[in-house]
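Here is the structure we will look at, set down as structure tokens.
Nothing in this text is a laboratory measurement; each read-out follows from the coordinates by a stated rule. For clarity, every value in this text was computed on a predicted model and none was experimentally measured. Every residue, glycine among them, receives a Cβ derived from its backbone with ideal geometry; neighbour counts consider all protein chains shown.
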């Protein structure tokens with residue numbers, strides 16, 4: 001792997017780069033870092049209103065010594081209804097593994113020293129929060145995410161080169177998710193670091209880093225079969241056992257103290273109606289299903305989703321058993337299979353796929369691979385533009401700048417959708433984008449994971 005500034009054409013003798021070339025390369029890397037961070041900092045006052053309210057409540061829980069999982073259960077009991085969707089029987093609060101609590105706890109306690117009475121009011125389900133959140137809290141909330149983005153950038157710089165690192169750090173979808181939405185960058189950092197360790201056959205560390213990602217969000221756990229099988233094939237059973245032991249050594253002790261709450265969260269996700277960037281979005285075209293009046297089809301959809309997910313994941317594992325792959329390609333296969341089989345795929349779930357595809361693109365770039373990569377991030381971005389929609393991200397800032405105007409907008413969230421010229425066909429467009437994304441995953445599997453065709457060699461006659 002060439003260092004930054006060492007530009008060597010294949011087949012040519014190596015020549016040490018001049019100091020001016022190294023300095024120029026470092027300047028370009030620094031400029032990308034500064035530009036990417038500046039854009040992200042500008043987006044800090046923007047956020048998804050409901051997710052911002054959720055983490056404001058979680059930080060208040062951490063400041064005042066409450067368990068966020070227990071509070072979710074209490075809120076669900078207060079706001080649940082026997083009518084409507086199964087989703088409505090749970091208050092959508094802290095529905096994640098406990099890892100982010102370990103990350104946010106010191107920051108929340110620090111914030112609590114200056115704001116001991118921090119206690120945001122929570123709105124009822126299916127409404128838009130209209131209480132402005134302090135900008136200092138929003139900046140601290142995003143600090144670990146921005147630092148994680150920088151960490152991924154530096155790892156990609158070392159593992160894939162400056163071009164791929166730049167494509168990640170300045171990617172519009174990545175900037176939206178990290179700068180104005182969720183903390184998916186943190187588990188993505190642990191996964192990229194786990195691949196870095198796996199490349200060096202340090203399987204115990206690779207498993208531990210993957211376990212750290214699974215404690216932050218459930219998604220990295222689906223990559224464990226890829227790490228296990230690649231370690232077993234490349235380094236033997238003892239090294240594969242080290243990967244499993246490392247995973248368990250990190251994930252188990254950090255999950256056990258919150259095990260009842262984590263199990264409740266898993267049940268919550270299992271009973272959610274299908275939708276998002278998945279073919280199950282087509283159910284939302286039926287008004288009665290969308291409005292929560294058809295519980296039986298929702299229950300059937302959950303069962304169908306479980307079967308489809310099991311089939312997709314089982315097929316991916318079977319493929320890995322018979323077809324040797326690099327760790328990067330195996331991880332892409334497992335993640336794409338999960339996203340293809342899951343009944344719920346939110347826009348942020350795709351974040352982890354971006355650095356994985358870039359790692360493999362740095363090794364081999366083809367037209368099909370570039371097409372799959374471009375669609376893999378642009379389709380979720382377009383889906384979010386219509387589904388959230390984008391105007392909703394302005395509400396937290398608007399409540400500070402023009403509270404009278406934005407309170408009215410927030411209290412009538414339908415206006416953010418009905419004001420759009422695409423409102424009448426919004427659900428149809430969302431379904432089309434979801435189906436297109438499912439097809440993109442199939443394309444990505446074929447382009448990145450299928451056996452590579454070698455160019456046929458033509459024998460040359462001796463002179």
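Computed quantities for the displayed model
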read-out	value
Taking segment 19-449 and dividing mean pair separation by its residue count, relative contact order in percent (alpha carbons under 8 Å, at least six apart)	20 percent
Order of 365, 185 under a 10 Å beta carbon neighbour criterion, fewest first	365, 185
For segment 336-399, radius of gyration divided by Kirkwood radius, i.e. Rg to Rh on alpha-carbons	1.08
Per-selection Kirkwood Rh - segment 19-449 (Cα, Å, 1 d.p.)	22.5 Å
Order of 58, 29 under a 10 Å beta carbon neighbour criterion, fewest first	29, 58
Inter-label distance, nm, simple model (7 Å from Cα along the C-beta direction), residue 150/residue 109	2.4 nm
Which of 373, 105 has the fewest Cβ neighbours within 10 Å, and the rest in rising order	105, 373
